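Have a look at the structure below, then the notes.
The values are calculated or read from the model by the stated rules, or taken from the named source; none is laboratory data. Predicted model, so just to flag it, every value in this text is computed and none were measured. A quick note on method: Cβ atoms are made from the backbone with ideal geometry, for glycine too, and the neighbour counts reach across all protein chains shown. When the accessible area is computed, the model is the full protein with side chains, heavy atoms only, and any ligands, DNA or RNA have been set aside. Shrake-Rupley method; radii C 1.70, N 1.55, O 1.52, S 1.80 Å.
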Amino acid sequence: MLAAPVGAWASVDCIARSGPARPQLVELYTSEGCSSCPPADRWLSGLPDSAGLVRLAFHVDYWDELGWPDRYADPRYAQRQSIQAARDGHATVYTPEVVVDGREWRRWSSGLPARAAAPAPIALALSIRSGDRLELALVSADGASLPAANVHFAVTEDGLSSAVRAGENRGKRLAHDHVVRAYAGPLPLDDARAAIELPTGLDRQRATVVAYAQARGGGEILQVVQQSLATCGSH
């Protein structure tokens with residue numbers, strides 16, 4: 001099935017297109033209730049801003065029962081981590097965990113693996129209609145046939161912080177960037193459209209929309225597109 005051409009979309013605020021190479025996708029599974037997570041949060045924030053690097057911080061909820069409910073946590077993120085663990089052959093999940101391009105990466109504190117030099121297997125275009133909610137679509141940017149893959153949409157926010165009053169990080173003020181605040185997926189790549197409700201208080205000047213296509217089964221990241229909300233529309 002071929003997706004509709006980009007020009008067929010009506011009344012969009014912006015369109016972002018992927019480049020010839022696939023960006024490196026770094027996912028961090030973290031929690032404000034985990035004492036070993038703040039160093040990983042700082043590491044993620046400290047990675048260089050680059051068109052070749054996309055970062056997502058998924059706050060999981062399974063630490064909440066130990067005294068501090070993480071306001072950024074969502075059970076869907078823990079579920080996604082469990083699927084990742086099964087793909088990597090693990091029976092349990094843990095934090096902090098770093099996943100790079102769909103694979104667990106335990107040596108994150110020593111740096112990232114080398115990026116693939118080959119061109120991206122697909123070219124994608126992300127459309128955003130911005131209002132009280134975001135209407136998103138991801139289609140082929142060149143009209144080529146699309147492989148069997150799933151799409152995930154995420155809205156991230158930078159510059160967040162929390163004064164933690166209980167749990168393992170009691171008494172600390174934790175800073176976060178690239179926090180996933182809204183999420184939709186998995187969706188089939190040949191019909192990847194979603195309407196995402198934005199959380200109250202989201203700062204659009206510090207928010208980014210990320211869309212990525214992931215191969216079914218093996219979990220390979222096929223392509224990633226991101227777009228700052230600060231430069232998308234006037235809302």
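Worth pointing out:
So that you can scan it fast, the table gives a plain yes or no per residue for (1) open to solvent by 70 Å² or more (accessible area, probe 1.4 Å); (2) closer than 21 Å to CYS14 by Cα:
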| position | (1), (2) |
| --- | --- |
| ARG170 | yes, no |
| ASP177 | no, no |
| TYR183 | no, yes |
| PRO186 | yes, no |
| VAL210 | no, yes |
| GLN214 | no, no |
| VAL224 | no, yes |
| LEU229 | no, yes |
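- Options ALA16, ALA21: the member that is in contact (Cβ under 8 Å) with a residue 24 or more places away in the chain, out of contact with any strand residue (DSSP E or B) (no Cβ under 6 Å at 6 or more places or on another chain), among the aliphatic types (A, V, I, L, M) and within 18 Å of LEU124 (Cα to Cα): ALA21
- Qualifying positions in region 88-111 - in a helix (DSSP H, G or I) and open to solvent by 80 Å² or more (accessible area, probe 1.4 Å): SER109, SER110
- Hits in region 171-184 - residues which are under 15 Å from VAL54 (Cβ atoms) and not aliphatic (A, V, I, L, M): ASP177, HIS178, TYR183
- Residue within region 25-48 that is under 29 Å from ASP190 (Cα atoms) and out of contact with any strand residue (DSSP E or B) (no Cβ under 8 Å at 6 or more places or on another chain) present: no
- A Cβ distance below 7 Å, combined with a sequence gap of six or more or placement on separate chains, defines the contacts here; from region 100-124, residues that are at positive phi reach residues that are of a type in the set (Gly, Ala, Ser) and assigned to a loop (DSSP other than H, G, I, E, B) in the pairs GLY102/GLY219.
- Number of the condition not met by ALA120 [criteria: (1) under 25 Å from ALA207 (Cα atoms); (2) open to solvent by less than 40 Å² (accessible area, probe 1.4 Å); (3) not in a helix (DSSP H, G or I)]: (1)
- Look at (1) in contact with a Lys or Arg (Cβ under 8 Å, 6 or more places away or on another chain); (2) over 21 Å from ALA182 (Cα atoms); (3) hydrophobic (A, V, I, L, M, F, W, C) and you find that LEU44 fails only one, number (2).
- Only listed residue being in a helix (DSSP H, G or I) and touching a strand residue (DSSP E or B) at 6+ places or on another chain (Cβ under 9 Å), chosen from GLN84, GLN79: GLN84
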